[in-house]
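Inspection log for the structure reproduced underneath, given as structure tokens.
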Amino acid sequence: MNKILNHEFWLNLENMPIAWEIGGTWLFPLLESIHVIAAAMVVGSILMVDLRLLGVAARHYSISTMSRELAPWSWGAFVVATITGVGMFITRAASHVLNPAFQWKMALLVLAGANMAMFHFGVYRKINQWDTAYKIPAKIKTFGASSLILWAGVMLSGRWVGHIV
């Protein structure tokens with residue numbers, strides 16, 4: 001793993017003209033600002049569904065309706081956050097891949113994606129059994145709680161990336 005993290009590929013990314021342009025101009029703070037707003041939109045829209053899965057908010061909405069209406073916002077914001085994140089990443093790729101906060105952020109993103117995939121391709125297939133239920137099954141609540149914890153970790157570790165150099 002250390003060989004991958006210390007590979008010259010990361011330095012080559014940093015030396016691309018676009019990385020220099022982003023890192024040395026007003027583009028970096030612009031990308032950073034957009035990234036924070038997009039990440040907040042991702043987590044905010046996911047938060048609403050997760051709170052419904054936990055049965056603590058929006059109980060009068062069906063989970064399928066909330067999920068269907070908020071998914072485009074989540075995915076759109078996720079795409080924007082990814083593009084801006086890559087833009088910031090390439091300016092210091094070699095140090096970011098060695099940064100523990102960045103490593104945690106990426107690991108937690110993967111886990112959050114796996115949690116979402118297991119939910120949508122697993123228990124969500126039987127949503128008609130609990131879609132409008134007042135009392136949500138424990139298994140469903142577990143996915144919501146896991147999602148909240150994982151996304152909070154993504155946001156917290158992401159905040160630390162710039163402070164651990």
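Bear in mind these aren't lab numbers, they're just calculated from the coordinates by the rules spelled out. In this text, all values refer to a predicted model and were calculated from it rather than measured experimentally. For neighbour counting, all protein chains shown are included, and Cβ atoms are generated from backbone atoms with ideal geometry for every residue, glycine included.
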* Asked: If you add up the charges near Trp75, with Lys and Arg at +1 and Asp and Glu at -1, over every other residue whose beta carbon is less than 13 angstrom from its beta carbon, what do you get?
  -> 0
* Whole-angstrom gap from the range 49-128 to the range 7-33, using each part's C-alpha centre -> 25
* To do: Can you list which of the trypsin sites (Lys or Arg not before Pro) found in the range 66-165 are DSSP loop residues with at most 11 other C-beta atoms within 10 Å?
  => Lys135
* Evaluate the distance, in nm, between pseudo-label points positioned 7 Å from the Cα of Met118 and of Met16 along their respective Cα→Cβ axes. => 3.4
* To do: State, to one decimal in nm², a quarter of the convex hull surface area for the C-alpha atoms of the range 2-161, i.e. the direction-averaged projected area.
  => 10.0
* Computed helical MRE - 222 nm, the chain, DSSP H runs ≥ 4 contributing -39500 (n - 2.57), nearest 500 -> -24500 deg cm²/dmol
* For labels at Ala57 and Ala145 in the simple 7 Å Cα→Cβ model, what's the distance in nm? -> 1.8
* For a footprinting-style exposure proxy, rank Val154, Val86 by other Cβ within 10 Å, fewest first. => Val86, Val154
* To do: Taking the Cα centre of the range 2-161 as origin, work out the dipole magnitude from +1 charges on Lys and Arg Cβ and -1 charges on Asp and Glu Cβ, in debye rounded to 20.
  => 780
* Structure fact -> Length gained if Leu30 through Thr132 is fully extended, taking 0.36 nm per residue and subtracting the Cα-Cα distance, is 32.6 nm
* How would you rank Phe28, Phe78, going from fewest to most other Cβ atoms within 10 Å of each one's own Cβ? -> Phe28, Phe78
